[in-house]
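The values are calculated or read from the model by the stated rules, or taken from the named source; none is laboratory data. Everything numeric in this text was worked out from a predicted model, so none of it was measured. All Cβ positions, glycine included, derive from the backbone under ideal geometry; neighbour counts span all protein chains shown. Heavy atoms of the whole protein, side chains included, go into the accessibility calculation; ligands, DNA and RNA do not. Shrake-Rupley method; radii C 1.70, N 1.55, O 1.52, S 1.80 Å.
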Amino acid sequence: QFPFGRRLPCDIYWHGVSFHDNNIFSGQVNKFPGMMETVRKITLSRAMRTMQDLFPLEYNFYPRSWILPEELPLFVAEVRVMKDSDPSWKPTFIVKPDGGCQGDGIYLIKDPSDIRLTGSIQSRPAVVQEYICKPLLVDKLKFDIRLYVLLKSLEPLEIYIAKDGLSRFCTEPYQEPTLKNLHQVFMHLTNYSLNIHSENFIHSDSVNTGSKRTFSSILCRLSSRGADVKKLWSDIISLVIKTIIALTPELKVYYQSDIPAGKPGPTCFQILGFDILLMKNLKPMLLEVNANPSMRIEHEQELSPGVFENVPSPVDEEVKVAVIRDTLRLVDPQKKKRKDTQCFVSRVPPAVVQWEVSLSMAGAWNGMSFNVSSNPAHSGILCRRCPSLEHVPGSGESLPDAAEQPEPDAARSPEAGLPSLCLKQVFPKYSKQFNYLRLVDRVAALFIRFLGVKGTTKLGPTGFRTFIRNCKLSNSNFSMAAVDILYIDITRRWNSMGIDHKESGMCLQAFVEAFFCLAQKKYKSLPLHEQVLSLLEFCECHLAALDEKRLLWGWG
C-alpha cells in the first residue's frame, strides 16, 4: 500500500475509490477515468433516457425518471396528464439524491407536491422515479440483487458477469405503499446499510437463510417452484450488456481525456455492482450501478452494549472472494508471458511456480492502492499457499539447471487447484445480438474526433463547425449561421444545468442532442433510431472519403 504514491512501476494498480494517478504510464488500473461520474444517478438516467428514446422496447428495464430540480415542472405536468387519462392510476415515486449512497436521503412520495423543496434540491440535485410497487417477494420480504460485473476493456468492449451474487432483504414484511407506510424504510428500501440497523436483521452462517443470501439460493428456490431460471438469467445478461452500452460513450470521452491516444498510459478494468430488482413476473429492473461496490467479507457484531467485533460473513466471502480472485486471473499480465516463457517457468523452483506475479499490498481492498510488479530484480513472489515471500533470482544469479527439475505439468501451473472461473464472458460473446444498439458509441466517436485538443471533454464552436463542414451537413436550408445558433442554444442550456463548468464548450450529451436534431431535420419520415443511423452512415462515409483523400495527399 502506497498512501503517498508508488515508488516502482507495476503491472496492476488497485486504486481504492477512483482513477486518480495521472503519472501511470503502463500496466493496468482497476478503475476507469470518469466511472464515478458516469454512474451517478443523474448521468445514468440521462444515458438510459437517450437509449430509451432510440430503442424504447429494448430499454424498458429502467424505471421512468425525472431529474430535479430542472425537470420538476415537466414531472408535475406529466403526472397530471397520466392521472387525468387514467383516474385509477395511483402511483408512488421514489426520490434519490444524485450523490447519495447506502440509502442516504432516499424517500417515497405519492404526489409531486410532496417533494421536499425546503431541503437542498438546488444544491443537491436528485432523480425521481416511478416506484416498483409489485416486486417479487421471498418469505413475504422485498429484496434486491447485487450482481458483480467486470468491465475488462472498453475498446474493444469486453464484459464479464459473476455467476453468483448477493440477495439483500428488507427486514419488515412488504406491503404496497400507502400514506401510512411510506416512511417505513425497513419495508421499502433494500439497502444493506439501512437494514443492518433493524432489530429484525438476521446474520446467518448459511448462504440460504438470513437477511443476506446468495442469489443462487434464490434461483434454486424459484426453480423448485417451476420458474424459468434460464430465461431470467438471459434477461439479466441482456440488461447488463444494454446498460454498459449506454454508459460506454461517456466513458470513452473521459478515457481519451485522461489517457490520450498515442501517449503512454495504462489500460483499465473495473468491477461494478449492478443493483437489480425482480418484479412479480420475474422481469429484472435496473435500480442503479455502483462504481465502488463494497468488497468487505465481514460484518460488525455487537458483543455487549456499545462493544462491537468484526466477524466473518460466509455469504459475502463465498461471492466476493471469487470475484476478486477471478478478476486478477483474467487481467493477469503474466498469463500471456507464461505461454512465451515455458522454458523459464520450467526452471523455477516448485515452491515459486505457484504464482509468478508479485503482490505488494497492505490494508483493506478499499484502501489506497494494490500494486503488482513482475520485475524479478526488485521484488519477490507471494505464493498463494505460502505465507512468506520466496526469493526470485536476480539477473546476475544463476538459475537451477533445467535437468534437475521435473517437466512442468498442469499440477504445478499457477492456477492449478483453483476453481473454474466464476466470471462468465457475455460480450463480445453475444455481440451480434447487441451491436445494433451501439449508435451513441458511434456518435461519441465523431465527438472525440473533432475535440481537437487532446485531454479535453468539451467541443468548442470551431470544432462543431468543422464537424458540420467535413460531413457536408450545411446547405441552403441550413446555413453556417444556423449551425452557430444551434451550437449556442444547446450548449448554453446544458451548461445552465450545472453539468461541468471546469471547461467551456459542448459536452457529449449536448452533442448527442444536436446530432439527433440534425438527423430529424435531414430524415423527417423515419423513426428516430433510423434517422440517427442514416446520419451516422452519411457522416462516416464523407469522413472516410476525406481520410482517403488526405492519405493520397500525404503520399504525394
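Observations
- Of all residues in the range 508-534, those that are in contact (Cβ under 8 Å) with a residue 40 or more places away in the chain have Cβ atoms under 7 Å from Cβ atoms of residues that are open to solvent by less than 60 Å² (accessible area, probe 1.4 Å) and not in a helix (DSSP H, G or I), 6 or more apart or on another chain, in PHE511/LEU459; LEU518/LEU473; LYS521/PHE478; HIS529/PHE55.
- Candidates are the residues of the range 146-173 that are open to solvent by 40 Å² or more (accessible area, probe 1.4 Å) and outside any strand (DSSP E or B); the one that is nearest to THR190 (Cα to Cα) is GLU172.
- Options PRO63, PRO112, PRO135: the member that is modelled with pLDDT of 90 or more and out of contact with any Lys or Arg (no Cβ under 6 Å at 6 or more places or on another chain): PRO63
- Candidates GLU503, GLU513 - the one that is open to solvent by 20 Å² or more (accessible area, probe 1.4 Å) and in a helix (DSSP H, G or I): GLU513
- Of the residues making up the range 37-56, those that are within 15 Å of the chain's Cα centre (by Cα) and not in a helix (DSSP H, G or I) are VAL39, ARG40.
- Scanning the range 57-79 for residues that are open to solvent by 10 Å² or more (accessible area, probe 1.4 Å), touching a residue at least 12 places away in the same chain (Cβ under 8 Å) and not in a loop (DSSP other than H, G, I, E, B) turns up SER65, LEU72, VAL76, GLU78.
- Residues within the range 413-432 that are assigned to a loop (DSSP other than H, G, I, E, B), touching an Asp or Glu at 6+ places or on another chain (Cβ under 8 Å) and within 16 Å of SER153 (Cβ to Cβ), tallied: 1
- Residues in the range 309-358 that are at pLDDT below 60, surrounded by 18 or more Cβ atoms within 10 Å (Cβ to Cβ) and among the polar types (S, T, N, Q): GLN354, SER358.
- Qualifying residue in the range 240-261 (condition: out of contact with any Phe, Trp or Tyr (no Cβ under 7 Å at 6 or more places or on another chain), free of Cβ contacts under 8 Å to residues at least 24 places away in the same chain and of a type in the set (S, T, N, Q)): no
- Of all residues making up the range 182-192, the number that are among the polar types (S, T, N, Q) and open to solvent by 30 Å² or more (accessible area, probe 1.4 Å): 2
- Every condition in (1) modelled with pLDDT under 90; (2) farther than 30 Å from LEU68 by Cβ holds for HIS542 except the one numbered (1).
- Any hit, the range 474-495, residues being out of contact with any strand residue (DSSP E or B) (no Cβ under 9 Å at 6 or more places or on another chain), surrounded by 17 or more Cβ atoms within 10 Å (Cβ to Cβ) and not in a helix (DSSP H, G or I): no
- Within the range 247-277, being open to solvent by less than 10 Å² (accessible area, probe 1.4 Å) and in a helix (DSSP H, G or I) holds for LEU247, THR248, PRO249, LEU251, VAL253.
- The condition of being outside the structural domain of SER234 (by the TED database), closer than 24 Å to ALA544 by Cα and part of a loop (DSSP other than H, G, I, E, B) holds for only one of LEU446, LEU451, that being LEU451.
- Which numbered condition ILE132 fails, given (1) open to solvent by 10 Å² or more (accessible area, probe 1.4 Å); (2) among the hydrophobic types (A, V, I, L, M, F, W, C); (3) closer than 29 Å to PRO312 by Cα; (4) out of contact with any Ser or Thr (no Cβ under 8 Å at 6 or more places or on another chain): (3)
- Residue check for ARG213: basic (Lys, Arg) and without any contact (Cβ under 8 Å) to a residue 24 or more places away in the chain: no
- From the list LEU222, LEU179, the lone residue that is assigned to a loop (DSSP other than H, G, I, E, B), among the aliphatic types (A, V, I, L, M), surrounded by fewer than 18 Cβ atoms within 10 Å (Cβ to Cβ) and touching a residue at least 60 places away in the same chain (Cβ under 8 Å) is LEU179.
- Some residue of the range 198-217 being at negative phi, in a loop (DSSP other than H, G, I, E, B) and crowded, with 21+ Cβ neighbours inside 10 Å: yes
- Of the criteria (1) modelled with pLDDT of 95 or more; (2) among the aromatic types (Phe, Trp, Tyr); (3) open to solvent by 40 Å² or more (accessible area, probe 1.4 Å), which one PHE143 fails: (3)
- Consider the range 278-298 and keep the residues that are open to solvent by less than 20 Å² (accessible area, probe 1.4 Å) and in a strand (DSSP E or B). The one that is nearest to ARG40 (Cα to Cα) is VAL289.
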